[in-house]
Structures are given as C-alpha cells and as structure tokens.
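Asks: Shown below is the structure under consideration.
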Amino acid sequence: MKRLLSAILVVLMLVPMAFTVDAANVAQGTCGEGMTWTLDDMGTLSIHGSGIIDNYGLWNEPPWYDYRLNVKQVIIYDALVIGTNAFRDCTNMEKATVVGSNLAIIGDEAFWGCSSLSQVHFGNTVQYVGSSVLTGTAYRANPANWVDGMLYVNNILFEIDYYKSGALNVRQGTQVIADYAADFYNCQVTSINIPSSVKNIGDNAFHNCTAVTEINIAEGVQTIGEYAFDEAAISSLTIPNSVTTIESWAFSDAKNLADIHIGTGVTSLGKTAFSGTAYYDDDANWDNGMLYCGDYMLYERSSWGYDNFVIKDGTRVLSDDSFSNSTGLTSVQIPDTVTVFGNRSFDNVPNLTIKCYEGSLAKAYAEMRSIPYEIVCKHQFGEYVYDNNATCYYNGTKSATCALCGEKKTVEAEGTALGHNYGEWWVEKEATYTEPGLMLRRCDRCAGCEEKEIPMLEMPVVKEPYLSSYGVQLTVHDLYDIKDYFIAEGDWNTYREVKNNMVVSIGAAKLGKNTEYTYILPHHGVHTVYIRYNDGSYKLLKTEITGAEPEFAINGLQLTVSELDDIKVIRTAYGEFDSVGAMKKAATHRAFTAKGNIKGNNSYKIQYRENGVVTVAVCYNDGYTEFYTYEVVQKTPTVEQSRNIVTFGDLDGLYNIRYAKGVYTTASQIKAAPGSVAIKPSKIDENGNITVTLATGTYTFCVQYDDESYNYYVITVE
Ligand SMILES: [Zn+2]
Ligand SMILES: [Zn+2]
C-alpha cells in the first residue's frame with residue numbers, strides 16, 4: 001500500500017486545495033497538510049481539504065480527541081485519505097459521511113470503537129481499506145448490515161463473519177476488499193469467488209483460509225495484496241490478465257498449489273508470492289537456479305552458491321527484488337525478451353555485471369542504473385551435428401556452432417546410447433539346494449557383463465512314512481519317491497524274512513500320485529511293512545493289528561457266533577468256501593446283517609435243518625472276514641425195542657420225548673393227539689437212558705433235542 005500512497009501523493013499536488021470555515025465553532029484546527037477541521041455546537045465535525053487526514057495512534061491523538069465525546073457526526077469533504085485511528089473512540093458519533101468523489105484510502109481502525117456509529121457513507125471511490133475500520137461500531141453490530149455473512153458499506157467489503165462456511169461469493173459490485181477482511185476462527189470456507197467488479201484485494205484479505213480449495217479471481221481484478229491468500233488449500237490457480245500487481249507472499253504456503261497460470265498483465269510480482277507452494281518445491285519449475293512461471297522469472301537461489309545466472313530465453317518479466325541483496329552475484333545474463341524489470345530487481349548487488357545483447361532493453365536498463373554491463377554474442381547456432389560418440393551406456397553428444405562468434409555448443413544427443421550387444425547366456429554357477437546359481441552373458445563391444453540369478457533348487461519334502469490302522473485296514477502314509485512296499489505277517493527285520501511272510505506288495509504304479517495307501521489285511525496280529533525307495537534306501541515299520549474276532553460254538557444243528565461288535569454281515573452256505581463271492585452264488589446262501597437279524601445282539605445263533613458241511617463267513621466293518629467250516633450233524637438217540645419196552649440212549653442235550661398212539665409226521669400232531677405223553681430230561685436214568693413201557697399198538701415217538709433236532713420213530717407193540 002505504501003507504493004500506492006506515493007502514487008497518490010503525486011496526484012495530490014495537481015489538485016487545488018479548497019476549504020470553508022463555518023461560524024459558531026466549538027473548536028477547529030488542522031489535521032494534515034492543507035487539511036482543516038471544525039467542530040460546531042451541534043456536534044458536527046467537518047473536515048475540509050482534498051489531501052490526507054494524518055495517521056494517528058494511541059500516543060499520537062487526533063486534534064479533536066479532547067472533544068471526541070461532543071462529536072455527533074463527521075462530514076468529510078473531499079479528503080483523499082482518512083488516516084489510521086482518525087476517529088477512534090468517538091463514542092457518541094452516530095453518523096459518518098464522505099462528500100465528494102475524492103476518497104481513495106481509509107486507514108486502519110479509522111472508526112474503531114465508535115459505538116454509536118450506525119450510519120456510514122463512504123462513497124464509491126475508495127480503493128484501499130485498512131483493517132478493523134469499523135470494529136466496535138453500531139453499524140457492525142447490526143445484523144441487517146451483513147449480507148451472506150459479509151459486512152459491506154457501499155462497494156467496500158469490510159469484513160467476513162468468523163464462522164462463515166461453504167462458498168464465499170463476494171457481492172458483484174464490490175470494488176475493494178479490506179485488509180484482514182477474513183480472519184476465520186477455524187476456516188470452513190471451501191471456495192472464494194471474487195467478481196469482476198473488484199479491483200483491489202487487501203493485504204491479508206483471506207489470510208489463513210486453510211479449507212479453501214478453490215479460488216476464482218475474475219478478469220477485472222488489478223491488485224492482490226500481501227498474504228492475501230496465504231495458506232489456502234488450493235491446488236491450481238489462474239491469475240487473469242487484468243491483474244497488474246501480486247504482492248509478496250500473496251499465495252505463500254499454499255502447500256498444495258502445484259499448477260499456476262499468471263496472466264499477461266502483471267508488472268509487479270513479489271518474488272515470494274508463491275514461496276512454500278508445491279510449485280515452488282517442484283524442481284521441474286526451476287532452471288539453472290531460477291524459478292520460472294510461464295514467462296515470469298520469480299526467484300533465484302544465489303544463496304545456494306550460484307554466482308552467475310543466465311536467464312532463460314523467452315523470459316518477459318523479472319519479479320520485484322528478483323536479484324536484490326544477492327551480494328555474491330557477479331553476473332546475470334538477460335535475454336532481449338525481458339521487457340519488464342521488477343522493482344528493485346538488482347538493488348544492492350555490488351559486484352554485478354549485466355550480460356546483455358547489443359541494442360537490448362537490458363543494456364539500456366544497465367546504462368540508466370550505471371550497472372556495469374558486457375555485450376555478449378546473440379549466438380546464431382547452426383544445425384546440430386551428431387558427434388558419433390555414444391557408448392553402450394551413455395548417449396553421445398551433438399554440437400552446433402555460432403555463425404557469428406564461432407562458439408560451439410554441445411548437448412546430449414538423446415536416445416543415442418547404443419545398449420549392449422550381448423552374446424548367449426551361459427551358466428557360470430549351477431544352483432544348489434543352499435545357494436542360487438548364476439548365469440552370465442557378455443557384451444562384445446564393451447565387455448560389460450549382465451548377470452541373472454538361477455533360483456535355488458527347492459529342497460524335496462522329506463517326510464517320514466508312518467502307519468495307521470482301522471481294524472485290518474492298514475494305511476501307510478507319506479510315501480514319497482518309493483519304488484514299492486511289502487506287508488508281512490509277523491515281526492521281521494530283514495527283506496528276506498518279509499518276503500517270505502509277505503501278505504501283499506504294493507508298487508509305485510498302484511500309488512499313482514497319492515502319498516498314502518490302504519490295504520485290508522486278512523488277519524490280525526503283528527505286521528511288518530518294508531518300504532523300498534527309488535534311491536536304494538529302505539524303511540521298516542511295524543504295527544500290531546487288533547480288532548474283533550468271532551467266536552464259534554457248535555451245538556448239533558446250531559452254530560452260535562459271538563463277539564459281533566462292529567459286525568457287518570454273517571453269511572453261511574452249505575459247502576466249503578474261501579471267498580464271499582462264491583458263497584453268495586450258492587443256492588443255500590443265507591446272510592444275517594447288522595441292520596437286520598443281528599441288530600442289537602453281540603451273538604447270533606444260526607439254525608441248520610440238514611446235515612452237511614457248511615461254511616460261515618463273518619465280515620466286520622473294517623473288512624476283516626473270517627471263514628469257518630464245520631460239519632452239521634443232527635443229534636440222534638439210540639433206540640432199542642424189546643417187546644413192549646423201548647429204550648432211548650445218547651440223550652445229551654435232550655429237550656423232551658413225546659409219543660402218542662397213532663402215526664404222525666410232526667411233533668405238534670403228536671402233542672395234539674389223544675393220550676399224548678411228554679417225557680422231560682429229568683427222567684433220564686443213571687445209565688443215561690429213558691425207558692418207556694408201552695401197551696399194544698402202534699406209536700409215533702418224537703425225540704427233540706435243544707438244537708432243534710427232531711427224530712421220529714414209529715414203534716409197534718404186538
Ligand atoms: Zn556467437
Ligand atoms: Zn556393451
């Protein structure tokens with residue numbers, strides 16, 4: 001703002017001074033060069049003169065300060081500037097009016113603490129407004145004066161509500177945004193939209209708007225003050241062509257700001273305007289120690305040890321203070337594209353020589369400022385010619401020669417590196433189980449080698465085989481890389497013994513891809529498993545196979561099988577068999593299943609009716625099957641008749657003897673016949689016999705044993 005003040009002062013000298021003084025004044029005096037004031041008995045403070053009302057402060061009170069409580073209103077005629085604190089604490093002032101169209105600047109805190117001030121008119125010519133101008137006034141306290149969270153007077157935006165959130169849309173028609181207009185408690189504003197009517201954005205106007213991700217500055221805006229948008233959260237920014245001034249630190253510390261477009265109109269650019277941004281931190285935006293944005297040169301890093309700079313050809317504008325105070329600098333070469341030199345660009349660079357082209361603006365600038373300069377050739381380089389010097393690894397160079405001075409310029413010839421010309425791979429070192437191997441190939445041009453690792457060999461899974469069993473189902477587990485294995489009954493230690501007692505041999509082919517195999521053994525007892533591996537080694541495993549075995553009890557026509565836990569089926573058929581399959585085909589085959597006849601019993605009695613050889617197969621759920629063969633023989637007594645006396649012998653297991661007169665074929669017929677007699681085993685005498693004495697007639701006897709053997713005899717007594 002200082003720069004503006006000096007500009008205005010120049011204007012001031014051309015403006016004729018005019019003022020009038022009323023009678024009936026309470027007090028009067030001056031308040032600046034060519035500026036007078038009067039206070040009348042009605043409480044009207046009138047200020048005349050078209051110049052500057054002085055700046056005041058706590059130790060520099062305005063001349064009406066002693067009368068400040070008498071002031072009911074102030075009328076400012078034609079003043080150009082209202083100085084700082086000018087009307088501070090005029091607590092009875094109700095009205096402030098600016099007359100005329102000259103007022104350009106309102107200083108900081110000008111009406112601070114004017115608690116009765118409710119009517120304000122500042123006109124429409126103000127260009128700069130300081131901070132806290134209306135703090136503590138009735139105008140500010142009146143909610144009716146706030147629009148969308150913003151306090152306006154005429155076309156001035158003075159202040160933005162502490163708690164404003166969301167989009168901040170400055171009212172169209174606004175011309176000035178006061179210094180420190182926004183001073184958020186905890187920024188919740190997400191975007192700031194400055195309309196085309198705004199000319200000047202004050203210092204710190206949107207300072208610390210840390211939630212703002214979008215700033216739209218319309219074409220029309222001219223000045224952006226110091227720190228106006230520092231610490232904003234924006235990532236890109238476009239400065240319209242109308243902007244002529246961007247002051248120092250204006251967008252500094254906007255950490256996400258990576259993308260910046262500055263319009264063509266800027267002639268005063270603070271070198272720190274974008275310090276602390278992502279753009280500033282991106283090396284791609286720097287060239288030979290200088291930060292550029294478009295055709296603007298912003299910043300230099302002489303502090304990093306650079307002592308001479310060559311400004312990039314095409315640069316148009318140098319920032320304010322761009323090289324100032326870089327006391328170690330010895331030269332800066334300026335291209336003839338530069339047309340705007342920043343304020344103080346080369347101030348206090350004592351050892352500087354400007355290098356410039358003949359006839360350039362830079363030369364004129366150096367002459368005008370008495371800076372030593374040196375004319376350099378504005379080279380006219382011809383075509384680049386490849387120097388044919390690339391290697392396997394590096395690009396070659398290409399060179400061009402200046403037609404004017406003969407200087408040669410050599411640059412890298414991109415993409416000319418030859419790359420290696422490798423031969424075939426060979427195995428330098430084989431991989432092992434513990435170390436990777438190595439393959440190599442060699443370049444026939446540079447002898448450079450390329451190597452490639454051969455992965456370490458995978459260790460084969462070494463797992464010990466083991467046995468498990470379910471009854472006679474014997475499973476051998478974890479069979480890796482075997483040739484075959486043998487199972488033998490008994491406890492053996494040598495291959496020969498196992499072979500001699502072998503139950504079965506299982507080959508690798510039978511296993512297929514499986515690593516375990518189950519075989520159903522014919523018998524219980526200790527078994528030995530002998531495993532042979534492909535590498536010639538072997539393993540010996542032993543186990544005892546246990547499980548239920550049937551018990552058989554024979555009683556004449558009956559066979560009782562017991563120990564039937566976990567039984568599946570009992571089969572029987574007449575004849576001698578050693579396989580279930582053959583038994584099933586026999587005509588006399590019978591089966592008794594765990595789910596049927598046997599259910600719930602641990603023993604089962606098989607009844608035969610005829611004599612003969614039978615086979616019984618007892619099959620358990622684990623696959624164990626026991627075959628049992630025996631001869632069924634019906635129990636039969638000895639019978640002797642001697643006239644009317646009949647004697648029966650061999651009566652072990654007798655159930656009873658029935659007889660009756662007549663001829664019968666079944667025991668029940670005998671039982672039902674008239675005069676039927678039943679003799680119990682208790683009648684057996686000491687000789688083991690039963691003797692019956694009969695009357696004359698024909699009788700039928702039935703001798704019945706406990707195995708359901710029935711023996712019929714027809715006996716006649718004459
Ligand atoms: Zn040259
Ligand atoms: Zn090579």
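No value in this document is a laboratory result; all are computed from the given coordinates. Values in this document were obtained by computation on a predicted structure and should not be read as measured data. Here Cβ is always computed from backbone atoms with ideal geometry, including for glycine, and neighbour counts include all displayed protein chains.
Asks: Charges on Cβ only, +1 for Lys and Arg, -1 for Asp and Glu, centred on the Cα centroid of the chain; of S682, T416, L103, which one is farthest towards the dipole's positive end?
Replies: S682
Asks: Just to confirm my numbers, what's the Cα centroid distance between the stretch 338-408 and the stretch 538-571 in Å?
Replies: Taking the Cα centre of the stretch 538-571 as reference, the centre of the stretch 338-408 is 110 Å away.
Asks: With Cβ to Cβ distances under 14 Å as the rule, what net charge do the other residues near F184 carry (K, R +1; D, E -1)? Intermediate results must be reported in sequence, preceding the final value.
Replies: Numbers: positive: K164; negative: E159, D161, D183, D230, E231.
So the environment of F184 carries a net charge of -4.
Asks: Next question. For K542, give me every one of the aspartates and glutamates with a C-alpha distance below 12 angstrom, ignoring sequence neighbours fewer than eight places off in its own chain.
Replies: Straight-distance partners of K542: E489, D491.
Asks: To continue, here is another question. Roughly how big is the chain's charge dipole about its Cα centre, with Cβ charges of +1 (Lys, Arg) and -1 (Asp, Glu), in debye to the nearest 20?
Replies: With Lys and Arg at +1 and Asp and Glu at -1, about 2880 debye.
Asks: Can I ask one more? Could you work out how much longer the chain between Y292 and S196 gets when fully extended? Use 0.36 nm per residue separation minus the Cα distance between them, nm to one decimal. Intermediate results must be reported in sequence, preceding the final value.
Replies: Details: separation 96, 0.36 × 96 = 34.56 nm, distance 2.74 nm.
Extending this stretch completely gives an extra 31.8 nm.
Asks: Among K513/K595; K595/K671; K312/K363, which pairs are too far apart, with a Cα-Cα distance over 25 Å?
Replies: Going by Cα-Cα distance, K513/K595; K595/K671 fall outside the 25 Å limit.
Asks: Spin-label point model (7 Å from Cα, Cβ direction): what's the D281 to D41 distance in nm?
Replies: Each label point is offset 7 Å from its Cα along the Cβ direction, giving 7.0 nm.
Asks: Distance from a point 7 Å along Cα→Cβ of T647 to each backbone N in the stretch 678-718: keep the residues under 13 Å and list them by number.
Replies: It comes to 685-693, nothing else.
Asks: Oh, and also: Pick out, in residue order, every one of the trypsin sites (Lys or Arg not before Pro) in the stretch 619-718 that is DSSP loop and has at most 10 other C-beta atoms within 10 Å; say none if there are none. Let's see the in-between values first.
Replies: Values: sites: K635, R643, R658, K661, K671, K683; in loops: K635, R643.
Sparse-neighbourhood loop trypsin sites (Lys or Arg not before Pro): R643.
Asks: A further question follows. Please give the peptides 438-451, 270-283, 339-352 ranked by average Cβ packing (other Cβ atoms within 10 Å per residue), highest first, as a rough proxy for protection. Kindly include the intermediate steps, with their values, before the conclusion.
Replies: On the way: 438-451: 13.8, 270-283: 20.4, 339-352: 16.5.
Top to bottom by mean Cβ count within 10 Å: 270-283, 339-352, 438-451.
Asks: Give me the one-decimal Kirkwood hydrodynamic radius in Å for the stretch 466-545, with the sum taken over alpha-carbon pairs.
Replies: So the Kirkwood estimate lands at 12.4 Å.
Asks: Next question. What is the distance in Å between the Cα centres of the stretch 584-599 and the stretch 115-143?
Replies: What the calculation gives is 115 Å, centre to centre.
Asks: Among I246, S709, G276, whose Cα lies farthest out toward the positive end of the dipole of the chain, if unit charges sit on the beta carbon of Lys, Arg (+1) and Asp, Glu (-1)?
Replies: Ranked along the dipole, the leading option is S709.
Asks: Using DSSP to define loop residues, name the chymotrypsin sites (Phe, Trp or Tyr not before Pro) in the stretch 25-133 whose beta-carbon has at most 14 other beta-carbon atoms within 10 Å. Please list the in-between numbers first.
Replies: Numbers: sites: W37, Y56, W59, W64, Y65, Y67, Y77, F87, F111, W112, F122, Y128; in loops: Y56, W59, W64, F87, F111, W112, F122.
Of the chymotrypsin sites (Phe, Trp or Tyr not before Pro), the ones in loops of the stretch 25-133 whose Cβ has at most 14 other Cβ atoms within 10 Å are W59.
Asks: Subtract the Cα-Cα distance of T91 and N601 from 0.36 nm times their separation in residues, and report this length gain in nm to one decimal.
Replies: Values: separation 510, 0.36 × 510 = 183.60 nm, distance 11.59 nm.
Fully extending the segment from T91 to N601 adds 172.0 nm.
Asks: Counting only helical runs of four or more DSSP H residues, what would the 222 nm mean residue ellipticity of the chain come to if each run contributes -39,500 (n - 2.57) and the total is spread over all its residues?
Replies: Details: 8 runs with 49 residues, N = 718.
The helix contribution divided over the chain gives -1500 deg cm²/dmol.
Asks: Label point 7 Å out from T327 along Cα-to-Cβ: which residues of the stretch 336-353 have amide N under 17 Å?
Replies: The answer is 346-353.
Asks: To the nearest 10 degrees, how steep is helix 2-12 against the longest Cα principal axis of the chain, on a 0 to 90 scale?
Replies: 30
Asks: Give the separation of the Cα centroids, the stretch 34-64 to the stretch 70-84, in Å.
Replies: Cα centres, the stretch 34-64 to the stretch 70-84: 7 Å.
Asks: What ranking do S268, S642 get, fewest neighbouring Cβ atoms within 10 angstrom at the top? Provide the component values of the computation, followed by the final result.
Replies: On the way: S268 17, S642 8.
Result, fewest neighbours first: S642, S268.
Asks: Excluding residues fewer than 8 places away in the same chain, name every one of the aspartates and glutamates whose C-alpha is closer than 15 Å to that of K408.
Replies: Partners found: E383, D387.
Asks: List the residues of the stretch 608-626 whose backbone N lies under 13 Å from a point placed 7 Å from the Cα of A586 along the Cα-to-Cβ direction.
Replies: Flagged as within label range: 608-618.
Asks: Ok, one more. Ranked highest first by average number of other Cβ atoms within 10 Å, how do 192-201, 147-156 line up?
Replies: Numbers: 192-201: 20.4, 147-156: 17.7.
The peptides rank, most packed first, as 192-201, 147-156.
Asks: Search the structure for amide H atoms under 5 Å from the amide H of Y470, placed 1.01 Å from N in the peptide plane, and list their residues when 5 or more places away or on another chain.
Replies: Under 5 Å from the amide H of Y470 lie the amide H atoms of T475, each far enough along the sequence or on another chain.
Asks: Still on this model: Please report, in debye to the nearest 20, how large the charge dipole of the stretch 466-545 is about its Cα centre when each Lys and Arg carries +1 at its beta carbon and each Asp and Glu carries -1 there. If you can, show how the numbers build up before the last one.
Replies: Working: 8 positive and 9 negative charges, 41 e Å.
Here the size comes out at about 200 debye.
Asks: Same structure again: Please compute, over every Cα-Cα pair in the chain, the percentage with a separation greater than 46 angstrom. Display every interim value, and only then the final one.
Replies: Details: 161567 of 257403 pairs.
Percentage above 46 Å: 63.
Asks: Still on this structure, please answer the following. With the crude spin-label approximation of a point 7 Å out along Cα→Cβ, what separation in nm comes out for E718 versus Y394?
Replies: Between E718 and Y394, the label points sit 14.8 nm apart.
Asks: Once you put a point 7 Å from the Cα of E563 and another 7 Å from the Cα of V147, both along the Cβ direction, what distance in nm separates them?
Replies: 11.1
Asks: Now a separate question. Please compute the length gained on full extension between R609 and S579, using 0.36 nm multiplied by the number of residues separating them and subtracting their Cα-Cα distance. Intermediate values should be presented prior to the final figure.
Replies: Values: separation 30, 0.36 × 30 = 10.80 nm, distance 2.34 nm.
Gain in length upon complete extension: 8.5 nm.
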